[in-house]
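Just so it is clear, none of the values below were taken in a lab; they were calculated from the coordinates. Just so it is clear, the structure is predicted and the values come from calculations on it, not from any experiment. Every residue, glycine as well, gets a Cβ built from its backbone with ideal geometry; the counts of neighbours run over all protein chains shown.
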Ligand code: SF4
């Protein structure tokens, strides 16, 4: 059976999880939000956000979260602070380079205000399409963010081909109506869904959801966690494992 359209998915997820304006919390009050976002997104590559939160807090406590301090930082000093992010030793050498290039460009806000902010971000070391698009989405540009959660969730729902290239999925999604849900919110909702219901191995199409992770921000994904009635898309998802659902499978979770 064909799956639902993106707007239906977006509205169903928003109704189920609700909007969370603190989805990416500001953990470092002394830092501009755009600076903290870029630093956090780079550190989150191949890691989990709750671990990255602790890295950001350690960097902040050590006075090494700003680009000036990072650019001058001794990699040996950075390594223990970066534990929890992927490849801390490699990253300890790369982060000062990123910081120097951000400073050369006049800062993250200057990059975002340039004629072609996406290209400007992609020119930075360690910044690929997913990181650039996430930063754009969280700073006011309504662009799709294609990550592993999105490929899994929207792939199972039949909205996108999960094996297509980043550019192809992004272009396809950019042409789809989202029911008025901005990508900043929709990206968070898709991640929520991938964490709580649409898991990698055995999706929890029927309730309850997997409990929240241990985030530094206590409100993050707290309100909708168990008990709940299961995936809000189980009735229209071609991959549903709910007995009697579209796939006619057995009840999961
Ligand atoms: S019904 Fe199951 S497979 Fe489909 S989106 Fe929901 S959790 Fe994922």
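General remarks:
- Per-residue Cβ neighbour rank within 10 angstrom, fewest leading, 130, 184: 130, 184
- Sequence of 5, 161, 133, 15 once ranked by neighbouring C-beta atoms within 10 Å, starting from the fewest: 15, 161, 5, 133
- Förster radius 22 Å - calculated FRET efficiency between residue 86 and residue 62, Cβ distance, rounded to 0.05: 0.65
- Treating each Cα of the stretch 33-138 as one equal point scatterer and applying the Debye formula with no solvent, the log10 of I(q)/I(0) at q = 0.12, 0.13, 0.21 Å⁻¹ comes out as -0.35, -0.41, -1.10.
- Computed from the Cβ-Cβ distance with R0 of 25 Å, the FRET efficiency linking residue 19 to residue 216 stands at 0.80.
- Subtracting the Cα-Cα distance of residue 182 and residue 161 from 0.36 nm times their residue separation leaves 5.4 nm of extension gain.
- Label-to-label distance, nm, for residues given as residue 26 and residue 104 (7 Å Cα→Cβ offset): 3.0
- Extension reserve of the residue 115-residue 74 stretch, reckoned as 0.36 nm per residue once the Cα distance is removed: 11.4 nm
- Modelled spin-label separation between residue 228 and residue 142, with each label point placed 7 Å from Cα along the Cα-to-Cβ direction: 2.4 nm.
- Here the scattering of the stretch 137-224 is modelled by Debye summation over its C-alpha atoms, one equal scatterer each and no solvent; at q = 0.22 Å⁻¹ the log10 of I(q)/I(0) is -1.16.
- Each of 195, 24 has some number of other Cβ atoms within 10 Å of its Cβ, and from fewest to most they run 195, 24.
- The radius of gyration of the Cα set in the chain, together with its Dmax, comes out at 19.1, 60 angstrom.
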